[in-house]
Amino acid sequence: MKALSLLALLPTLAVVAVLASSTCGCAPAGETLTPLEAGTIGLPPGFELSAPWEEGRRHRITKAYGVRGHVGTNRPTHSNDLYALDFNMEQGEPVLSVADGRVRYAGPASGGWASYGNIVLVEHGQGVSSLYAHLDDVGVSAGDRVARGGQVGTAGDSGGSFGAHLHLALYKDVKLADGPGGTGPYGGTSVLPEPFGETRRVGLTAGQCIEAEARREAGHFPW
């Protein structure tokens, strides 16, 4: 009788398992790298990205490519954030540089860029730069060198965003406005941040979770 009762419960247990896996907050990854949109470019050969948070932590993509403000491919007078990603980081959580580089700007965005809040813009060589926006605290200054995995600030909700998160964007040949009209990135070309990590050779989608991989020893600086 007990054996029969257990067998009768198996379909219910299977349904519970499926529901648990579907409500974990993570969507499946794309099967291949995301095709490039016209007017955008991919990462230069040999350029490696690391997740901008501490090793072993996992975060979900809350807003992916081309959604609600993530627009612009190569507009000369506006920001080009088509391939920007938003991650659900916690208030005050360390934000790390995705690659070796030099800080170009660290502080509040203003004017037409005020919605970015506190930002750090890092140049990585080969014309590639990364933007970290909505920071609670900025932990570097212009001219500082940062290694891949070096902290640039902490996550927050500055700039009027709804809840703490990190806005990450990559650009090629981006310019920096820093004058009476405001401060923020413009021009250049939106860069597709894939592959994201040394082994994650899949497309990135909204709802997908990414765990920081072990980082290689900090590399050399190209300057």
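Couple of notes before you dig in:
- Extreme residue, surrounded by the most Cβ atoms within 10 Å (Cβ to Cβ), among residues of the stretch 111-122 that are out of contact with any Phe, Trp or Tyr (no Cβ under 9 Å at 6 or more places or on another chain) and over 20 Å from Met89 (Cα atoms): Ala114
- For the stretch 129-176, a residue qualifies if it is surrounded by fewer than 23 Cβ atoms within 10 Å (Cβ to Cβ) and of a type in the set (S, T, N, Q), and the qualifying residues are Ser141, Gln151, Thr154, Ser158, Ser161.
- Among residues of the stretch 82-114 being among the charged types (D, E, K, R), assigned to a loop (DSSP other than H, G, I, E, B) and closer than 19 Å to Ala164 by Cα, the one that is modelled with the lowest pLDDT is Glu90.
- Pairs with Cβ under 6 Å, 6+ apart, first in the stretch 64-75 and touching a residue at least 12 places away in the same chain (Cβ under 8 Å), second not in a loop (DSSP other than H, G, I, E, B): Thr73/Ser190; Asn74/Thr189
- Scanning the stretch 62-110 for residues that are among the hydrophobic types (A, V, I, L, M, F, W, C) and either on the phi > 0 side of the Ramachandran plot or more than 16 Å from the chain's Cα centre (by Cα) (or both) turns up Val103, Ala106, Ala109.
- Note on the stretch 68-117: residues that are acidic (Asp, Glu), farther than 15 Å from Asp137 by Cβ and in contact with a Ser or Thr (Cβ under 8 Å, 6 or more places away or on another chain) total 2.
The values are calculated or read from the model by the stated rules, or taken from the named source; none is laboratory data. Note that the structure is predicted; figures quoted are calculated from it, not measured. Cβ atoms come from the backbone with ideal geometry, glycine included; neighbour counts cover every protein chain shown.
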